[in-house]
Amino acid sequence: MVGPNLALLSLSSAALIAAQSFQSTPVLGWNSYNKDSCSPTQDGITKTINALADRGFVAAGYNFFQIDCGWASRDGQRNSSTGALKIDTNAFPNGLKPLSDLARSKGMKWTMYSDAGVRMCDPQSPSPVLGSLGHEAQDAEFFKSLNTEYVKYDNCYADGPAASQNAPKDARTDFPSRFGVMWKELQRVGIPGMLICQWGTPYSSSSGLQGPKDWTKGISTSFRLSDDITQGWASMYRIYNQAVHIAASGQVGPGHIADADLLEVGNKGMTFDEQATHFAAWAMLKSALMISTDVSALSADTVKVLQNKDLLAINQDSAVKPITLKQRWSLDRDLWSGDLANGDVAVLVVDLSNTRRTLSVQLSTLGIESATIKDLWSGTTTSGSSFSKQVNAHGSIALRLSNIKRRSTTTNYKYISASTGSLASGASISSCSGCTSTNKVGNLGGPSNGALTLSNIRTSQATQTVRFDYVNCDVGYAFSGDTRNNERNASISVNGGAAKTISFPLTGYNWDKDVTKGYAVELSGFSTTGANSIVIKGANGAYAPDFDRVGVVA
């Protein structure tokens, strides 16, 4: 892939050094958007800066302070002498420099917001606030005059100022070039960090659709992996599902951070336990951790969550390896884990049943015989081969394993190509360049209730972890009535038994090649002495993902 890196070719050596000087781990800090929308004020920002310092957040590592949309003038005019964006003096009568100076005096780094369009994002539609498109050099110099070290760069009004051009979600061909211009100018003036905030929408390249993990490297220090977070568990879960394939890609790492959007911790819409799970997931996924709430109003318990030293240490681990989803027991629980730089392992177990109950994790499922186990919520340490704890609805177990004794076991699988099965009610076969079988079965479920039956399957285990290679590129976004949560469900039955609804998270953007391989699903009801059958349909009238092949224990 060549396009995204073209913007770097003309950078000077000094600018390249500036780009390399930005921290390689996720940023921690505060952003105004979830608290103030696009209406921040001088008084509110002043109070927040002081509260972050007074309540221990700066000492805990939250040192990036960012005003989001709403700081710029609403008169549609630029500075007549510099050509740069103007400050909204109604909201900030003293300008932004005193606020930058205050934040820096408290130990924070000043960061700014702008947009790679002709207008900035704004609740008023069409937006009256100018963006930076076509004026990147002037705006970069203005940001530098404020001692800015990091810029969040948004994606509204890329094609023009009309209301219909506000927030395009279609694939585009101009992402690397359009965002690359601002990156180049920021490096020129010595601003080392930039977040590309284009909501996880794909770049249309000559080789197909590419998510931001693919094209933003070299023209940013981080990228938004999804559309905006909004209040409530469902929004968090949508982003969490979109993170699955990105975390598993191996492309996230030092200096190339997948940003899951602002934290909703402290806001309405989620219970305390849901907010804690949200925080633990973002921390272990190695997302930026940007608080976006009224810091002065946070309860002591919520402050304790946000300042959890063990979770912050995992987030800032030098390896920058996100946890990956090891297994989902649909509508029950998720098991995630990931390696840390010193050989320890981070583990997250998330309740999906939305009930108070005991969660357990057997370390053997992670290839571990025994370990020292630290409960990151309580701070207590034990040793053993398993861990159990009672959690509230949508609560979580967050662990750090050390002194690990690995176990080497190999389970042999035999795979059945989906295309060799029996298709019914509109299910169909299509080519798939990323599939091991070179084709796949789709149109399962939906209005015709398409179905796939795999027969004459032999296996040695009655209850087992079955492996699925599948494709799900049904990307969901926030707003506009889009209720997709970045998973597709399939109804799967074994030997005519009761069907189980199985969740299959997003795999990427290209239906012909973005395959998740070896997805683990626990199924029971197999015969160990005779032939077996597996029937796959959609669930609740919706479409299932497409399937390449299914693996059973030999």
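Calculate, in nm to one decimal, what Phe479 and Gln231 gain on full extension: separation in residues at 0.36 nm each, minus their alpha carbon distance.
Extra length available between Phe479 and Gln231 comes to 88.1 nm.
Would you tell me the accessible area of Ile429, worked out with a 1.4 angstrom probe on the heavy atoms of the protein chains, in Å² to the nearest 10?
Ile429 exposes around 90 Å² with every protein chain in place.
Using label points projected 7 Å from each Cα along Cα→Cβ, tell me how many nm separate Ser431 and Ser318, to one decimal.
4.8
Residues of the stretch 285-328 with the amide nitrogen closer than 18 Å to a label point 7 Å from the Cα of Lys106, along Cα-to-Cβ, please.
Counting only backbone N, you get 289-300, 303-304, 306-307.
With all protein chains present and a 1.4 Å probe, how do Arg224, Arg172, Arg356 order by accessible area, largest first?
Listed by decreasing accessible area, they come as Arg356, Arg172, Arg224.
Hey, what number do you get for the chain at 222 nm if only DSSP H runs of n ≥ 4 count, each worth -39500 (n - 2.57), divided across all residues, to the nearest 500?
Estimated from H runs of four or more residues: -5500 deg cm²/dmol.
Computed FRET efficiency, Cβ-Cβ of Gln461 and Asn540, R0 22 Å: what is it to the nearest 0.05?
0.15
Need one number: nm distance between label points at Glu141 and Thr46, each 7 Å from Cα along Cα→Cβ, rounded to one decimal.
3.1
So for the chain: antiparallel DSSP bridges make up what percent, rounded to the nearest 5?
Of all bridge pairs located within the chain, approximately 75 percent are antiparallel.
For Tyr415 and Asn342, compute 0.36 nm times the residue count separating them, minus their Cα-Cα distance, and round to one decimal in nm.
Stretched fully, the Tyr415-Asn342 segment lengthens by 22.7 nm.
Using a 1.4 Å probe over the heavy atoms of the protein chains, calculate the carbon and sulfur portion of the accessible area of the stretch 313-414 as a whole percent.
That fraction is 43 percent.
Thr381 to Thr173: FRET efficiency via 1/(1 + (r/R0)^6), r the Cβ-Cβ distance, R0 51 Å, to the nearest 0.05?
0.45
Note down the accessible area of Glu141, probe 1.4 Å, to the nearest 10 Å².
90
If I take every Cα pair under 8 Å that is 6 or more residues apart in the stretch 285-400, average their sequence separation and divide by the length, what percent do I get for the relative contact order?
Result for the stretch 285-400 is 22 percent.
Which trypsin sites (Lys or Arg not before Pro) does the stretch 407-482 hold that lie in a coil by DSSP with at most 13 other beta carbons within 10 Å?
Arg407
Calculated FRET efficiency, Thr358 and Asn79, Cβ-Cβ r, R0 45 Å, to nearest 0.05?
Once rounded, the FRET efficiency stands at 0.15.
Apply the Karplus curve 6.51 cos²θ - 1.76 cosθ + 1.60, θ = phi - 60°, to the phi angles in the stretch 418-424 and return the couplings in whole Hz, x for Gly and Pro.
Calculated HN-Hα couplings, in order: 4, 5, 8, x, 8, 9, 9 Hz.
Provide the per residue accessible area, probe 1.4 Å, for the stretch 334-429, rounded to a whole number of square angstrom.
Dividing the accessible area of the stretch 334-429 by its residue count gives 46 Å².
For the chain, what relative contact order do you get, as a whole percent, if you take Cα pairs closer than 8 Å and at least 6 residues apart?
It rounds to 12 percent for the chain.
The values are calculated or read from the model by the stated rules, or taken from the named source; none is laboratory data. Just so we're clear, the structure is a prediction, and the values are computed from it rather than from any experiment. Virtual Cβ from ideal backbone geometry, glycine too; neighbours counted across all protein chains shown. Please note that ligands, DNA and RNA were not included when accessible areas were found on the heavy atoms of the full protein model with its side chains. Shrake-Rupley method; radii C 1.70, N 1.55, O 1.52, S 1.80 Å.
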